[in-house]
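**Student:** Here it is, the structure, as structure tokens.
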Amino acid sequence: MQDLTNDFNPNLPTSIDRENDGILRMADWSDWHDEYENEGSELNARKRAVQAQVVAVVDQCPPGPVTIVSICGGQGREVIGALEGHERRADVRGRIVELDTKNAAFARAWAQKVQLGNLEVLAGDASLAESYQGLAAVDLVVISGVFGHINNADRMRLIGFLRQICRKGACVVWTSVSWGDGKIESLRKHFLDNMFEEESFETLAGKFAFTIAKNRYVGEPVPFEPHAKFFSFGSSRDNPDEAAQ
Ligand SMILES: C[S@@+](CC[C@H](N)C(=O)[O-])C[C@H]1O[C@@H](n2cnc3c(N)ncnc32)[C@H](O)[C@@H]1O
């Protein structure tokens with residue numbers, strides 16, 4: 001397998017090593033998930049924090065269907081992993097959108113196995129509005145491991161798009177890294193500017209200092225535009241100041 005680690009940032013290490021938790025691996029998005037098996041890793045801690053938020057949101061949803069979207073959802077660790085034993089899993093529907101076909105197949109098989117069969121797994125491009133077509137108004141959006149990979153303009157477009165799929169009162173659970181230089185504050189402000197009120201924000205201990213936030217949409221849904229594209233995964237690499245995690 002070719003290691004592309006240094007293609008996007010010459011300051012990153014030349015090989016995969018434990019010091020870097022495997023988190024910087026970019027060549028194979030399926031293998032990247034192996035780090036979740038490392039119980040002590042920052043990635044594992046991030047997953048657990050996101051899962052806790054996912055469970056809390058589902059617990060709080062009124063009786064009836066709960067529509068969830070996971071953007072660049074990988075193997076479904078945050079959503080399926082959180083809800084595989086949840087008493088309301090029969091209520092859960094929605095879509096995990098993941099480009100890597102191996103990851104998508106993993107998530108699809110897992111969802112079926114744990115009776116989350118109404119959670120569709122789309123092996124497709126999460127940067128395209130058409131990938132979200134046909135969904136009911138969304139109660140929960142999960143965006144984990146994405147913002148660090150896209151530049152500021154793409155972050156703004158993606159957050160703006162969320163207003164097209166979220167119901168009023170929907171939650172967005174999202175992660176990032178603490179970049180320094182005010183970038184995380186700018187990301188938080190983009191949410192506020194789009195009427196996503198911040199309900200929680202935490203920073204995990206460790207070198208990557210992952211952040212996990214939950215925002216609630218207090219605006220009205222805006223019309224769905226099916227032909228939009230709102231990010232290019234990896235666009236943060238164009239700017240050396242915008243490190244990818
Ligand atoms: C850092 S991983 C995060 C995966 C998952 N959200 C998690 O936190 O475990 C980024 C994921 O984005 C996927 N990805 C990259 N570009 C994508 C795109 N345009 N559409 C959908 N998924 C994409 C990759 O295949 C990879 O699984």
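The values are calculated or read from the model by the stated rules, or taken from the named source; none is laboratory data. As the structure is a prediction and not an experimental result, all values here were calculated from the model. Heads up, the Cβs are rebuilt from the backbone with ideal geometry, glycines too, and the neighbour counts pull from every protein chain shown.
**Student:** Can you confirm whether Phe233 is under 18 Å from the mean Cα position of the chain (by Cα), in a strand (DSSP E or B) and touching a residue at least 12 places away in the same chain (Cβ under 8 Å)? Lay out the reasoning, then the answer.
**Tutor:** Values: under 18 Å from the mean Cα position of the chain (by Cα): yes; in a strand (DSSP E or B): no; touching a residue at least 12 places away in the same chain (Cβ under 8 Å): yes.
Considered against the rule, which asks whether it is under 18 Å from the mean Cα position of the chain (by Cα), in a strand (DSSP E or B) and touching a residue at least 12 places away in the same chain (Cβ under 8 Å), Phe233 comes out as no.
**Student:** Just checking, which of Leu99, Leu116 is within 25 Å of Ser232 (Cα to Cα), modelled with pLDDT of 95 or more and of a type in the set (A, V, I, L, M)?
**Tutor:** Sole residue among the options that is within 25 Å of Ser232 (Cα to Cα), modelled with pLDDT of 95 or more and of a type in the set (A, V, I, L, M): Leu99.
**Student:** Right, another one. Which of the residues spanning the range 83-102 are within 14 Å of the ligand (Cβ to nearest atom) and crowded, with 24+ Cβ neighbours inside 10 Å?
**Tutor:** If the condition is that a residue be within 14 Å of the ligand (Cβ to nearest atom) and crowded, with 24+ Cβ neighbours inside 10 Å, then Arg95, Ile96, Glu98 are the ones that fit.
**Student:** Another question about this same structure. I'm told Leu162 meets every condition in (1) surrounded by 14 or more Cβ atoms within 10 Å (Cβ to Cβ); (2) among the aliphatic types (A, V, I, L, M); (3) more than 16 Å from the ligand (Cβ to nearest atom); (4) on the phi < 0 side of the Ramachandran plot except one. Can you identify the failing condition by its number?
**Tutor:** Every condition holds for Leu162 apart from (3).
**Student:** Taking only the range 209-236 into account, find how many residues are among the aromatic types (Phe, Trp, Tyr) and within 16 Å of the ligand (Cβ to nearest atom).
**Tutor:** 4
**Student:** When you scan the range 103-128, how many residues do you find that are small (Gly, Ala, Ser), crowded, with 18+ Cβ neighbours inside 10 Å and part of a helix (DSSP H, G or I)?
**Tutor:** Let us first name the residues in the range 103-128 that are small (Gly, Ala, Ser), namely 104-105, 107, 109, 111, 117, 123-124, 126-127.
Among the residues that remain, those that are also crowded, with 18+ Cβ neighbours inside 10 Å are: 104, 107, 111, 126-127.
Checking which are part of a helix (DSSP H, G or I) leaves us with 104, 107, 111.
Total meeting the criteria: 3.
**Student:** Taking only pairs six or more apart or across chains, which ones have beta-carbon atoms under 9 Å, a first residue in the range 170-188 that is farther than 14 Å from Gly148 by Cβ and within 13 Å of the ligand (Cβ to nearest atom), and a second residue that is modelled with pLDDT of 90 or more and among the charged types (D, E, K, R)?
**Tutor:** Val173/Glu78; Val173/Lys214
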